[in-house]
Amino acid sequence: MAFTVITVLAGCGADADKSSDSASQAAESVSIGFSQLGAESDWRSSNSMSMRSTFTRDKGYDLIFEDGQQKQSNQITAIRSFIQQGVDYIVLAPVTQDGWDSVLGEAKEAGIPVIIVDRMVEVSDDSLFSCWVGSDFHLEGLKACEWLRQYTTAQGIAPSDLHIVDIQGTIGSSAQIGRTAGLEEYAARYGWDLREETTGDFTQAKGREVMAQMLVTYNNINVVYCENDNEALGAIEAIEAAGKHAGGDIRNGDILVLSFDGVNETALEYCMDGTIACIVECNPLHGPRVENIIKTLESGGTPDKLEYVNEDIFTSHKAVRFLDIDGESYPVKILSNGENSEPEVISDNNDASVKTAEGEGDLVYEPDSLGALAMEYSIEDLLTVYAVNMIEDGKYSDYQGDIGEIIEAYKNVDLNGDGKSDKIYRSGKGYEFEFSDGTGFKTGDYSASPNEGEIIEFIDMNEDNVDEILIAHYTFGTGGPGIWDTAMYSYVDGNWKTFPIIDRDGKVYSFELIEYISERTGKPYEDGSVRFASVSIDEAGNGIDLLVDFGHKDGPSQVYDYEDCVLFSNYDPDFSNYTLLSHGTDEIINTWPLDISGESVSISAQDQYAVNLFMSNFSEQGFGDYCGWNADKLAHFAMEWMKANKLTELDCSHGVYAMTHSDINRIVQKYFNTNLEESDFYSLGNNNDYYGSLDKFDGETYYCEPVADGEMYRNNRFSIVSGMQKINTDHGDTFRLDFSVYGLDTDLYDEKGIGKEQYSLNAEMAVSKANENILYQAYEGMAIVDRSPDGSFSLRYYRIYNE
Ligand code: AHR
C-alpha cells in the first residue's frame, strides 16, 4: 500500500520580501534552550521533530537542542549551559519527576522562564517553572483499563481470569507513574490478577527482553499492558517467538496487547488488524503549544500553569464505543483497514440474528485526533504540521515536467501496483498522471497564486492494487488558509474517474456533507457558507477526512469551530455509494444507483402499510425533532423496530405495538447515538393511547405505539417501500429495497386535514396521491440489506435527490 503526502506550493511571489524579513528577524530572534530527555521511542523522535520544525530561524527563533540521552545529569548540565548562554527561555522535557529543585532554582535566579513539556517535575516550589504542557498520563492509564474492562466484560470473561503483566516505562517518569497507577487501581478495584510489573524503559529491545522472560516465568499471561508502542512491538516479537499469538481472542489463547502513544506506524497497523487490541493516544506534537506559551509570555501575558492535551483511544474492535471515567465520557475511535468488517451485535436478548455492520450511510461524524488538534492549534499550525514536505516557499511553481525529478517521494512511484514506475507531471497549471500501462489522466488547471498549492496523497483505499489519488488545492490567504478545488481520482472499470469533493467556487459535491452542514449550522446550506480547513485520506485509508470550519471567517478575530467528517467511510470497491450532487440545476448527476438488480420479491401491501404506519407513529411522537431524524432514518428505525419485534409476532392484544425501553435504546443508540429516558417518551407526546405510552406488562416497561392513527404530524414526510429484489451473491443473500419519500404540503394538511389518512398508503396509492398533487415525491432511496451465511446482516442507505 503506497501512501505519500506531498505539498507543492505553487507560485513564488511571496519569496522576494522574505530575505530582508529574515535578516531583521535574526537580529531580534528569541533564543530557546531545549533539553530533550533522549531518543528512546518513536514518540520522542516525533516530539523532537515537532519542536525543531516549530522553532525555526525563519520564524525568528534560535533553538539550542540538547539530547540528555536518558540521563538526568546530562539534562542538568544542559540547563546550566543554557543559563550561562543567557537564553530567553528554557524548555525542559524531564526524564524523571524528581531532583530538579536546585537547577530550576538557578534558572529562576537568572530570571529565565522555564517551560516544562511532556512529563512533569515534582518540585517543592512551583514558581520554579512558568508552566507545563503535556498529557494526563494517569487518565491515559485509566482509559486503557476501562477499555479492557468493558471489552472483556462484553466477552463474558471474569475479572479474576485476566492475568496481566505490565511492561512499565522509565521508572520515575510521570508517564510511567501515571500509567502504572491507572492499572494498579483497576486491578485492585476489579480483582484482576496483576502478575508482574517490570520496566521496559520505553524501548522495543527491552520490551522484547522482559516479555520473553515473563512468558517463561508465567504460563497463563493473557494480557500485556505495554506503557508505550515501542515496548508493545518488542512484546509482540517475544509472544510470536514463544509460538503464541497476539490478539483480542483471549478465550482461544490470544495474548491481548494494550499500548500507549499511537505514533509508530507499525503499531497503528497492528491496531488496525487487531494484533494490538487498543492504543491510548499520547500526543507528541508539543512544538506549537510551547510556541503559543512563549508568544503569550513575550506579550506580557500569563499562560495557564498546567495545560492538558486531549487524546484519543484507538482500536479495531467495535464492542466498546464510549469510556465513562469519573463522570466524563470519552469516545473510542474505531480504526479499520477495510478487511475487518466485524459485525456488531445490537440486540442480544431478543433475536440473535439481529446484527448490523453498517450505520446510517456513507458519512460519519466523529471528532478524531485531527479535530481535537484543531481546537488547540491555529490553522496555520495545522497546515504546517500536516501539510508535510512543504516545498520551500513555492519555488517549483513554474516547473513543468516530471515532479519526481525534483521531489524525491514522487520518483519512481508505483501507483498502479504493477511493479513499474508511474509518472506525475506538472503540466500547465495542473498535473498529468501517466501510468506504466499507458493509462492516465490529466487534472484541470489550478489557480497558481503565489500563496497557493496542492497536496497530493495516494493510497489504495479499495485494495484493488491501484492507488486512489487525492489532489487538494490549498491557499494560505488573508482570510486564513483553506482548501477548495479538491477531487479524488479512482480507477473504476478500466477508466480513471473523477470524484469531485469541493470545486473551485467552494461548492460541496457530497449530499451527505451538505446535509450535515445544514444540520450543524441550523441553516440551509449555501455554497461557500463554511470553510474547509483541510482534507486528506484518513489514516486507515477508509475515507476522505475533511476538517470543516464552521466559524466566522473575517479577519484576525476569526473564531474557529472545527469538526471532522469522513466521506466514503463505507466505500465500495467502485465508490458507487458516493452520491454526487449537481449544483445549480435540479438534475440528478450521480453514480447512483448501484448497478444491481435481481429477482423481484413480492412485498405485500400489508407490509408496506406496516412500514408506513410505524414511520408515521414515530414521526408523530416527535422522534424526528428529538433526534434530528429524517424520513429515511425513521424508515430505518421502523424496519429495525419491526425486526426486533419479529414483525409477524407483533403483540396487538392491547391495541398497541409494544417494545421494551431497553430494545428501543439499543436501536436508538446504534443509529442515532442517543438514549431516551422514560421521561423523554412522555415529553414527546401525551401519555395516552392516542399518542403512544409507556406501560408495564409482566414487570417489563414497554413503549407502546397505537395501531391506529399515525398522521404525518411533525415533518409531513414519510417513506413507502415500493419494491424488493433478491440479488444473488456468492457470500449470501442480498436484498435491495426501494423506497420513496413523499411529502405533504403543510397548507394542504392544515386546510383539508388530510394528513391522518396518509399513514396507511401503499406505493400505488401514494403515486396516485402524488398525481393528484396532494403529495409530492421528495426523493427516492434504496436500502441494501446484506445477509451473510452466519445469519448476520447489514443495512445501508443510498438516496437520489431530486428536490
Ligand atoms: O513521556 C511520554 C512517553 O515517553 C511516551 O509515551 C513514550 O513513548 C516516550 O518515550
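Data overview
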item	result
From G141, G191, G156, G207, residue being under 30 Å from the mean Cα position of the chain (by Cα) and at positive phi	G156
Hey, I79 aliphatic (A, V, I, L, M) and touching a Cys at 6+ places or on another chain (Cβ under 8 Å) or not	no
Residue match in the range 1-19 (condition: over 30 Å from I403 (Cβ atoms) and either within 16 Å of the ligand (Cβ to nearest atom) or modelled with pLDDT under 95 (or both))	no
Count of the range 53-73 residues which are farther than 19 Å from I293 by Cα and either of a type in the set (A, V, I, L, M) or without any contact (Cβ under 8 Å) to a residue 24 or more places away in the chain (or both)	1
The range 74-100: number of residues that are under 16 Å from G172 (Cβ atoms), touching a helix residue (DSSP H, G or I) at 6+ places or on another chain (Cβ under 7 Å) and part of a helix (DSSP H, G or I)	1
Subset tally (residues that are farther than 17 Å from N292 by Cα, in a loop (DSSP other than H, G, I, E, B) and more than 16 Å from the ligand (Cβ to nearest atom)) for the range 113-142	3
Single residue of L215, L233 found to be within 16 Å of the ligand (Cβ to nearest atom), part of a helix (DSSP H, G or I) and without any contact (Cβ under 8 Å) to a residue 40 or more places away in the chain	L233
Total residues in the range 420-472, condition in a strand (DSSP E or B) and under 14 Å from Y491 (Cα atoms)	10
Matching entry among P343, P303, P331 (being modelled with pLDDT of 60 or more, surrounded by fewer than 19 Cβ atoms within 10 Å (Cβ to Cβ) and not β-branched (V, I, T))	P331
Residue in the range 221-228 that is charged (D, E, K, R), crowded, with 24+ Cβ neighbours inside 10 Å, within 16 Å of the ligand (Cβ to nearest atom) and not in a helix (DSSP H, G or I) present	yes
Qualifying residue in the range 41-58 (condition: more than 16 Å from the ligand (Cβ to nearest atom), surrounded by 18 or more Cβ atoms within 10 Å (Cβ to Cβ) and in a strand (DSSP E or B))	no
Residue in the range 144-162 that is within 14 Å of the ligand (Cβ to nearest atom), touching a strand residue (DSSP E or B) at 6+ places or on another chain (Cβ under 7 Å) and either farther than 28 Å from L285 by Cβ or part of a helix (DSSP H, G or I) (or both) present	yes
Lone unmet requirement of (1) touching a residue at least 40 places away in the same chain (Cβ under 8 Å); (2) of a type in the set (A, V, I, L, M); (3) more than 16 Å from the ligand (Cβ to nearest atom) for I76	(1)
Sole exception among (1) crowded, with 17+ Cβ neighbours inside 10 Å; (2) under 19 Å from L148 (Cβ atoms) for E184, by number	(1)
Residues satisfying the stated conditions in the range 188-212, i.e. in contact (Cβ under 8 Å) with a residue 40 or more places away in the chain, over 20 Å from H245 (Cβ atoms) and assigned to a helix (DSSP H, G or I)	Y190
Test: residue in the range 248-259 that is in a strand (DSSP E or B), within 14 Å of the ligand (Cβ to nearest atom), within 20 Å of Q155 (Cβ to Cβ) and β-branched (V, I, T)	no
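The values are calculated or read from the model by the stated rules, or taken from the named source; none is laboratory data. All of these numbers come straight from a predicted model, not from anything done at the bench. Because the Cβ atoms are built from the backbone with ideal geometry, glycine has one as well, and the counts that use them run over all protein chains shown.
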